[in-house]
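Reading through the structure tokens given below for one structure.
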Amino acid sequence: MTLPTATELPIGAVVTEPGSTRRNITAGWRALRPVIHDDRCVRCQLCWMYCPEGTIVELKGVFKVGNRTYDTKYEINYDYCKGCGICANECPTKAIEMVPE
Amino acid sequence: MQVQKTKHIEALTTNYAMAYAVKAVDVDVIAVYPITPQTTIVEKISEFVANGELNAELIHVESEHSALSAVVGAAATGARVFTATSSQGLELMHEVLHIAAGMRLPIVMAVPSRALSAPISIHGDYSDLMNARDTGWVIYIAASAQEAYDTVIQAFRLAESVSLPVMVSYDGFLMSHTVEPVELNDEEEVRKFLPRALRPYTLNPKRPVTMGPLASPDWYYEFKYQQVLALKEAYKVAKEVDSEYGRRFGRSYGVVETYRMEDADYAIVAYGGASYGNARAAADLARERGIAAGVVRVRLYRPFPTADVLKALDSVKAFAVVDRAIMFGSPAEGPLYKDIAAAMYMHGIDKPALGVIHGIGQRTIYVEDMYKIYTMLRENPRKEVVFMGVRV
Amino acid sequence: MKVYYKTLKDLPREELFAPGHRMCAGCGAAIAMRWITKTIGPNAIIANATGCVEVTTTPYPETAWMHPYIHVAFENSAAVASGVEAAIKALRRKGLWDAGDTKVVVIAGDGGTYDIGLQSLSGMLERRHGVLYILYDNEAYMNTGIQRSGSTPKFSWTTTTPVGTAVRGKIQWKKDIMGIVMAHRVPYAATASISHILDMVNKIKTALEYTSEGPTFLHIFAPCVPGWRYPENKTVEVARLAVETGYFPLYEWDHGKLKLNPPSNAHLDKSKRKPLKEYLKLQGRFAHLTDEEIAELEKELDAYWEYLGKLAQL
């Protein structure tokens, strides 16, 4: 890869694209992968709230799980999850399992 | 050609002239911490703000480090900013000097120069400024209150054109506290000379950018090279700004000023008001006594005006450089001397050049001392650094 | 504090802090950054001190920040923010500010606040700039590799306070930064923990709104996985135990009144606090502590609570 020259770069090292660390996929940091068992999830939001990376995605819609219906479902964006396991540690119903990659 | 018709002349110290220039420029944010001999600048600015004559936010910071940091923040937000300091204050700012230049922020700072501790001295020399000479700032050294006033206005134009911070320095006390007549510009005309231009990047939630990131070895060098290019550009732009200023306001100085150099065999190269004034008086005296003497004054110190200095010294047989600062342990202790020596070496010029260290801690430089330098040049042209005016 | 968010359902959903940054897995400060950025909303400028958060979020040519963001140096983020705030004021007065009611927020670590940045923080508070200063406290210089700071607790291991035969960890107590800030008579200062998100975001929002009166300050407790030596999934648990054992009380200083917030409001009664040992035993930095040393820490904690109790009665 050829990097830009001094005259091609914005002056003063200004980073012009907000949120551009998104280009850096951190999935490779993970040794353990969190897996949400939706049947045990009570939608308490704690995993979403405590995730340091914001990788727990909150989906809105109608979700049938057994004989229950929820308006929310939580999924994990594995591109950025670093596998810290805070979500699993905080989950009150043990609905998140940490599985080796 | 447009030259002002009605003249408004005030008797001002150079420090007060700074404050008048800041007012004319319509600065938005000023952050200054008191230090001798700078203090009367911020006092006068405070008066202007208190009387509603200057519509600016004046931040009474708790240190010079914070003074420069605050104007860095304000300049990054798009404001026109000013600060001033001397001596230990400039030393305390040192870390942020590099950052302001690296972030390419158009900051203007006045530096009435002063000796450095220890022992403590409140008096003038250029030790403070010379420690800041390689920080990436443009540096002017003025030789009169009028020139300092005009240079601050030019400095804003230059800073905003090339995105670099600019220092305007001058002799502490010998100029900062000395009253001279200063012709003040019409403020409306100054604002026409300095239109508000939209900067490419500022801190604004409508156009978010990140400033001051971490640059790895793959990126860092390019940003430093950008600064090298910007200073080269500043050499050119400084001349253009000075010419345009001359057309509008009737006063211009060039980047290097010469006195009786047309047929001079011997020259003194100097900077600042006291050195320049006494060197000119000595040149007059020397010429009366049959020595073809002249003076070269470096007004733009960074970027170094190599071509102009070499041209000015082109036909002399020998020259001396009077430095009011000591670079301890250096092969030549005078900073300007070393600059000129390097410039000449690079251009294959070999001439007798005397380095003279004088005026340290405001030790008086007499006209007779300057005259003596001319006689030394004539009688024994050589390459050497001498410490003049000191008891040894 | 004003309650802007009653339940977790009310929490702001939009993410304003991008993933892909290089903060450690399980970083407590990362949780703080995520909620600070969400809560302050997009119309704010952030001034960040040098530190772990700064270096891990801005590797050129990338940035995790979606706000206008500036980093200048370690000790001067409060001075930089003072300049940003003054610039907005001056430009607005001259009709040159087009972004409306823009807030200014400092984010700095404990080194940049308790130690090297204390002077510029004091200056900013004394001059009453309308700036929200947020301290994320991970109790040591983590960016340079876990050296002790003025915030490091007594007996804690760090790389510059090793556990030796003559000296066992840090000798001195943690500095009372909230006391220093409160002494500047700021309109609002509060402590918060990344374990108590609702409390934290309401304090962030309250402190942000109070910047119209002057400077405000938040002290956010943010555990550090490598520095405190605990498993990376325990960050929130460690932070929660810090609050529940009374080690890190949640309280706010609102216009001269000190108020303890739940659950700390019950902790003036020592029997309602969990034993300090439960907090200490999770962390490798305290693994060397003897029962006598733990008793000394408990005694000091009791004295601190007595002091807080007196402040709460003022």
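The values are calculated or read from the model by the stated rules, or taken from the named source; none is laboratory data. Just so it is clear, the model here is predicted, and its values are computed rather than measured. Every residue, glycine among them, receives a Cβ derived from its backbone with ideal geometry; neighbour counts consider all protein chains shown.
Scanning the stretch A:1-41 for residues that are modelled with pLDDT of 95 or more, within 24 Å of B:Lys224 (Cα to Cα) and among the polar types (S, T, N, Q) gives A:Thr5, A:Thr7, A:Thr16, A:Ser20, A:Thr21. Quick check on the stretch B:182-191: of everything there that is more than 14 Å from chain C (Cβ to nearest Cβ) and either touching a residue at least 12 places away in the same chain (Cβ under 8 Å) or β-branched (Val, Ile, Thr) (or both), which residue is nearest to B:Gln154 (Cα to Cα)? Result: B:Val190.
Taking the stretch C:1-49, which residues are assigned to a loop (DSSP other than H, G, I, E, B), modelled with pLDDT of 95 or more, more than 13 Å from chain A (Cβ to nearest Cβ) and farther than 28 Å from B:Ser216 by Cα?
C:Val3, C:Tyr4, C:Lys6, C:Gly41, C:Asn43
Kindly evaluate B:Val96 against the criterion of being part of a helix (DSSP H, G or I), facing another protein chain (nearest Cβ under 7 Å) and touching a residue at least 24 places away in the same chain (Cβ under 8 Å). Yes: the conditions hold for B:Val96. For the stretch B:275-332, a residue qualifies if it is buried (at least 20 other Cβ atoms within 10 Å of the Cβ) and among the charged types (D, E, K, R), and the qualifying residues are B:Arg280, B:Arg297, B:Arg299, B:Arg302, B:Asp308, B:Asp323, B:Arg324.
Residues that are within 8 Å of chain C (Cβ to nearest Cβ), in a loop (DSSP other than H, G, I, E, B) and in contact (Cβ under 8 Å) with a residue 60 or more places away in the chain within the stretch B:41-82 comprise B:Thr77, B:Gly78, listed in sequence order. Beta carbons closer than 9 Å, at least 6 apart along the sequence or on distinct chains, pair a first residue in the stretch A:1-30 that is at the interface with chain C (Cβ under 8 Å from one of its Cβ atoms) and of a type in the set (Val, Ile, Thr) with a second that is surrounded by fewer than 16 Cβ atoms within 10 Å (Cβ to Cβ) and in a loop (DSSP other than H, G, I, E, B) for A:Ile25/A:Asp79; A:Thr26/A:Asp79. For the stretch C:259-281, the set of residues classified as crowded, with 19+ Cβ neighbours inside 10 Å and either polar (S, T, N, Q) or within 14 Å of C:Trp305 (Cβ to Cβ) (or both) consists of C:Leu260, C:Asn261, C:Ser264, C:His267, C:Arg273, C:Leu276, listed by residue number.
Residues in the stretch C:97-105: is at least one more than 10 Å from chain B (Cβ to nearest Cβ), in contact with a helix residue (DSSP H, G or I) (Cβ under 6 Å, 6 or more places away or on another chain) and in contact (Cβ under 8 Å) with a residue 24 or more places away in the chain? Yes, the stretch C:97-105 contains at least one residue that is more than 10 Å from chain B (Cβ to nearest Cβ), in contact with a helix residue (DSSP H, G or I) (Cβ under 6 Å, 6 or more places away or on another chain) and in contact (Cβ under 8 Å) with a residue 24 or more places away in the chain.
Pick from the stretch B:192-209 the residues that are within 31 Å of the chain's Cα centre (by Cα), modelled with pLDDT of 95 or more and within 11 Å of another protein chain (Cβ to nearest Cβ): which of them is surrounded by the most Cβ atoms within 10 Å (Cβ to Cβ)?
B:Leu203
On the stretch given as the stretch B:172-208, residues that are under 30 Å from B:Thr364 (Cα atoms) and of a type outside the set (Asp, Glu) total 10. Scan the stretch A:31-69 for residues that are buried (at least 19 other Cβ atoms within 10 Å of the Cβ), among the hydroxyl-bearing types (Ser, Thr, Tyr) and not in a loop (DSSP other than H, G, I, E, B) and the total you get is 1.
C:Thr58 passes every criterion in (1) under 19 Å from the mean Cα position of the chain (by Cα); (2) within 8 Å of another protein chain (Cβ to nearest Cβ) apart from (1).
For C:Ser149, the conditions (1) crowded, with 24+ Cβ neighbours inside 10 Å; (2) assigned to a loop (DSSP other than H, G, I, E, B); (3) in contact (Cβ under 8 Å) with a residue 40 or more places away in the chain; (4) of a type outside the set (A, V, I, L, M, F, W, C) are fulfilled apart from (3).
Evaluated against (1) surrounded by fewer than 14 Cβ atoms within 10 Å (Cβ to Cβ); (2) hydroxyl-bearing (Ser, Thr, Tyr); (3) touching a strand residue (DSSP E or B) at 6+ places or on another chain (Cβ under 9 Å), A:Thr72 falls short on exactly one condition, (1).
Just one residue in the set C:Glu14, C:Glu75 is surrounded by 23 or more Cβ atoms within 10 Å (Cβ to Cβ) and among the acidic types (Asp, Glu); that residue is C:Glu75.
Residues in the stretch B:211-223 that are in contact (Cβ under 8 Å) with a residue 24 or more places away in the chain and either more than 7 Å from chain C (Cβ to nearest Cβ) or of a type in the set (A, V, I, L, M) (or both): B:Met211, B:Phe223.
Of all residues in the stretch A:37-84, count the ones that are within 28 Å of C:Met33 (Cβ to Cβ) and within 13 Å of chain C (Cβ to nearest Cβ).
Total satisfying the criteria: 30.
For the stretch A:85-101, filtered to residues that are touching a strand residue (DSSP E or B) at 6+ places or on another chain (Cβ under 7 Å) and more than 12 Å from chain C (Cβ to nearest Cβ), the residue that is surrounded by the most Cβ atoms within 10 Å (Cβ to Cβ) is A:Ala95. Could you check the stretch C:62-91 and list, in sequence order, the residues that are facing chain B (nearest Cβ under 7 Å) and either within 21 Å of C:Gly20 (Cβ to Cβ) or assigned to a strand (DSSP E or B) (or both)? If the condition is that a residue be facing chain B (nearest Cβ under 7 Å) and either within 21 Å of C:Gly20 (Cβ to Cβ) or assigned to a strand (DSSP E or B) (or both), then C:Thr63, C:Trp65, C:Met66, C:His67, C:Pro68, C:Tyr69, C:Ile70, C:His71 are the ones that fit.
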